[in-house]
Amino acid sequence: MEHPVDRRDSRLVLSHIIFAYIAMLLGGIAGLLQGLVRGGMIELPAGIGYYQLLTAHGVLMALVFTTFFIIGFLYSTAVKTLGGKLLPVARNLGWLGFIHMAFGTLLATVMILLNKATVLYTFYAPMQASPFFYVALVFIVVGSWMSGFGLFYQYKVWRREHKGKLSPLLAFMAIVTMLLWQIATIGVALEVLLQLIPWSFGWVETVNVMLSRTLFWYFGHPLVYFWLLPAYMCWYVMIPKIIGGKIFSDALARLSFILFLLFSIPVGFHHQLMEPGISPFWKYLQVVLTFMVVIPSLMTAFSLFATFEISGREKGGRGLFGWWKLLPWKDVRFFAPFVGMLVFIPAGAGGLINASNQMNAVVHNTLWVTGHFHLTVATSVALTFFGITYWLVPAMSGRTLTARMNKLGIIQTILWAIGMFFMSGSMHTVGLFGSPRRTAYTTYGDHPDAVLWMPYHVAMAIGGTILFIAVLLMIYNLFALMRTPQGYTEYPIAEVTEHAESTPPLLERWGVWISLVVVLILLAYTVPVMEMLQHDVPGSKGFVTW
Amino acid sequence: MNVHIHKLEKIWLTFGIAMLIVFLVVLGVATFSMGMAPPSHSHAIDPEQIENTPPFDEPGLKQVGENEYEAVMIAYTFGYKPNDLTVPVGATVHFKVTSPDVVHGFAIPNTNVNMMIVPGEVNHITYTFDEAGEYLVLCNEYCGGGHEFMRTVITVQ
């Protein structure tokens with residue numbers, strides 16, 4: 001059978017995917033141990049620190065697993081929709097990015113294992129890690145930029161060769177996702193390059209703490225949309241094909257991605273609502289901008305369920321909900337992302353609570369927040385990525401998705417959902433009681449409040465253990481997928497329904513949208529950042545407190 | 001730009017956006033006219049000179065009115081100074097807290113007291129303790145190896 005994808009391209013994509021899953025396995029081991037420690041079930045041997053594990057878990061899961069998987073997936077969309085194979089320049093940039101990111105990951109992991117960087121994945125100053133930890137982060141971010149430039153190049157050449165034509169929807173979405181990442185990472189790059197590296201090498205004595213936090217969260221919130229948008233690509237473009245339907249509207253899909261690009265960046269203050277040094281007016285302004293993403297979220301929910309209903313009815317589903325039964329529940333390519341979508345309903349609602357200005361006081365830095373992002377990124381996004389893996393890996397390696405692998409995938413999804421129900425459910429509940437996140441086992445001197453939290457911490461550990469079994473099964477599935485019989489697996493890309501209206505070319509006028517992004521960022525950040533720079537706050541020396 | 005939107009989707013979006021506006025107006029009114037703004041005090045202090053800078057040269061509880069107190073506190077790795085405050089039932093306490101080292105948290109579970117303590121800044125929050133009890137104060141921002149031991153108790157009697 002003919003190999004569907006150029007081997008040089010599939011090798012690049014699969015290298016990213018495999019690297020991502022190895023990071024997930026290591027991050028999963030750290031996560032399991034954390035859960036057991038916090039539940040009071042074990043004590044760590046051999047001088048391993050709880051916070052060391054927590055740093056490894058955050059860096060490997062939130063930064064490495066996601067970024068590698070996403071870049072691999074985005075490159076596969078470029079292969080499939082922008083000319084059938086990668087141009088040499090794009091492929092080389094992809095590898096250059098991969099090598100930089102892989103080196104950065106290894107260096108960061110070594111620094112964490114040496115206990116030189118127990119600063120968690122948010123690395124808040126004035127806690128000061130080894131300068132090489134910050135250098136490692138530079139490698140990861142700069143590597144991802146190179147990969148991004150490769151994608152932009154492929155897209156630019158395609159458009160030059162197809163003058164006046166609308167780009168493929170999937171490629172458009174990949175470009176928005178990467179553009180979001182490039183604009184967002186400018187913040188963390190400025191923080192690391194201009195503040196943390198000179199300070200940790202001792203070239204300057206002090207650091208402006210509020211400025212560093214603000215630059216971090218300028219990056220930290222769009223980061224979560226960088227995780228989410230590739231999942232949305234699957235929901236908008238792949239799922240309709242898998243269920244035998246069509247895309248509800250090309251124009252609305254593009255519009256919702258543009259709205260995410262506009263409103264995910266000028267909003268970082270909603271992570272800093274309880275902080276001094278930022279006036280309530282600017283906090284509230286960014287809260288309002290944060291809530292603008294409700295609009296594309298509502299649009300997405302509508303389109304997805306419209307697609308489900310239309311295709312179910314075309315298959316003969318009757319009555320108000322008859323179409324529901326006709327969805328392909330036994331197909332893991334649908335089932336895993338669908339569970340992710342369902343979880344996104346409570347996950348999104350929790351996010352609205354977190355961002356609600358003064359109401360944030362109830363949940364800020366409690367386990368509620370940990371529970372929240374274990375629903376968003378670690379369930380909605382992760383299950384969608386798993387669902388993608390089941391067809392992406394065989395499609396890239398010229399193999400088949402067997403019935404056995406499909407079944408293992410369904411089991412993996414169910415295990416994940418059960419584990420997360422216990423873990424995230426307990427985190428949400430005990431967080432409302434005030435139990436703090438990012439804290440090792442403690443009863444605060446047997447204070448009655450804290451003693452009451454313990455049963456929830458035990459339930460978290462049980463949920464975490466189930467999740468770890470699901471991680472192991474996923475790793476098995478990944479490698480088993482590379483050993484299935486050779487053959488053809490479809491790379492599912494749906495067509496737009498014939499009833500949809502044509503897409504306005506304005507949606508692809510990048511100059512317009514990037515200018516708007518810049519205007520919104522300047523509006524939201526200029527005055528408060530000027531205040532931080534001019535305000536006479538003395539800087540902080542570095543501290544190593546672990 | 002003219003994007004055609006399905007009639008049902010128009011209803012869905014109109015309802016959603018209307019709810020959103022109502023919600024944001026409620027948040028805004030509560031923040032700016034009912035005094036519920038999140039702790040946002042801006043007040044520079046040299047973190048290395050805290051012990052020589054009033055009022056942190058004398059941390060502790062000071063009565064400022066009838067059953068009204070000012071609590072000047074230092075959050076440090078890994079504790080709070082002063083430790084173990086006692087106030088009468090019904091006391092309104094104005095907390096002023098800063099840090100001489102890294103970033104800390106200052107949270108009292110089962111209340112709305114929850115704020116970040118950033119070196120170089122003083123954060124403020126006010127709370128009225130209407131019920132007697134031993135209120136746990138804990139650090140909810142990772143601050144180092146002994147973070148889980150960082151706590152104190154406010155006794156209300």
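Throughout, read-outs are computed from the coordinates displayed, never taken from laboratory work. Model, not experiment: these values are computed from the prediction. Glycine gets a Cβ as well: all are built from the backbone with ideal geometry, and neighbour counts include every protein chain shown.
Filtering segment B:12-37 down to residues that are of a type in the set (Ser, Thr, Tyr) and more than 7 Å from every other protein chain (Cβ to nearest Cβ), which residue is farthest from B:THR111 (Cα to Cα)?
If we take residues in segment B:12-37 being of a type in the set (Ser, Thr, Tyr) and more than 7 Å from every other protein chain (Cβ to nearest Cβ), then B:THR14 is farthest from B:THR111 (Cα to Cα).
Quick grid of which residues meet (1) of a type in the set (A, V, I, L, M, F, W, C); (2) surrounded by fewer than 20 Cβ atoms within 10 Å (Cβ to Cβ); (3) in contact with an Asp or Glu (Cβ under 9 Å, 6 or more places away or on another chain):
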| position | (1), (2), (3) |
| --- | --- |
| B:LEU61 | yes, yes, yes |
| B:LYS81 | no, yes, no |
| B:ASP101 | no, no, no |
| B:PRO109 | no, no, yes |
| B:ASN114 | no, no, no |
| B:PHE129 | yes, no, no |
| B:TYR142 | no, no, no |
| B:GLU148 | no, no, no |
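If a residue must be under 23 Å from A:THR442 (Cβ atoms) and either at the interface with another protein chain (Cβ under 7 Å from one of its Cβ atoms) or part of a strand (DSSP E or B) (or both), how many such residues does segment B:126-148 contain?
Qualifying residue count for the region: 14.
Return yes or no: is A:PHE248 away from chain B (no Cβ under 12 Å) and in contact (Cβ under 8 Å) with a residue 40 or more places away in the chain?
Spelling it out, it is not the case that A:PHE248 is away from chain B (no Cβ under 12 Å) and in contact (Cβ under 8 Å) with a residue 40 or more places away in the chain.
Please specify each residue of segment A:439-460 satisfying the condition of being of a type outside the set (Ser, Thr, Tyr), assigned to a helix (DSSP H, G or I) and farther than 23 Å from A:PHE386 by Cα.
A:PRO448, A:ASP449, A:ALA450, A:VAL451, A:LEU452, A:TRP453, A:MET454, A:PRO455, A:HIS457, A:VAL458, A:ALA459
So in segment A:399-438, with the set limited to residues that are in a loop (DSSP other than H, G, I, E, B) and more than 14 Å from chain B (Cβ to nearest Cβ), which one is nearest to A:ASP6 (Cα to Cα)?
Restricting to residues being in a loop (DSSP other than H, G, I, E, B) and more than 14 Å from chain B (Cβ to nearest Cβ), the top hit is A:THR400.
Checking A:VAL451 against (1) of a type in the set (A, V, I, L, M, F, W, C); (2) touching a residue at least 40 places away in the same chain (Cβ under 8 Å); (3) within 14 Å of another protein chain (Cβ to nearest Cβ), only one condition comes out false. Which one?
A:VAL451 satisfies every listed condition except (2).
What tally of residues in segment A:156-170 results from selecting those that are in a helix (DSSP H, G or I) and either among the aliphatic types (A, V, I, L, M) or buried (at least 22 other Cβ atoms within 10 Å of the Cβ) (or both)?
Selection size over segment A:156-170: 3.
Quick check on my filter: what residues within segment A:107-140 are surrounded by fewer than 23 Cβ atoms within 10 Å (Cβ to Cβ), within 20 Å of the chain's Cα centre (by Cα) and in a helix (DSSP H, G or I)?
Once the filter is applied, which keeps residues that are surrounded by fewer than 23 Cβ atoms within 10 Å (Cβ to Cβ), within 20 Å of the chain's Cα centre (by Cα) and in a helix (DSSP H, G or I), segment A:107-140 yields A:THR109, A:VAL138, A:PHE139.
Take the residues in segment B:1-11 that are loosely packed, with under 15 Cβ neighbours inside 10 Å and among the aliphatic types (A, V, I, L, M); name whichever of them is nearest to the other protein chains (Cβ to nearest Cβ).
B:MET1
Filter segment B:50-101 for residues that are within 15 Å of the chain's Cα centre (by Cα), closer than 26 Å to A:MET127 by Cβ and of a type outside the set (A, V, I, L, M, F, W, C) and give the result.
Listed by number, the residues that qualify are B:TYR80, B:LYS96, B:THR98, B:SER99.
Among the numbered criteria (1) more than 19 Å from A:VAL363 (Cβ to Cβ); (2) within 26 Å of the chain's Cα centre (by Cα); (3) not charged (D, E, K, R), which one does A:SER424 miss?
Evaluating A:SER424 over (1) more than 19 Å from A:VAL363 (Cβ to Cβ); (2) within 26 Å of the chain's Cα centre (by Cα); (3) not charged (D, E, K, R) leaves (1) as the failure.
I need every pair where a residue in segment B:113-125 that is more than 7 Å from chain A (Cβ to nearest Cβ) has its Cβ under 6 Å from the Cβ of a residue that is hydroxyl-bearing (Ser, Thr, Tyr), sequence separation at least 6 or different chains.
Partner pairs satisfying both residue conditions: B:VAL113/B:TYR127; B:ILE117/B:SER99.
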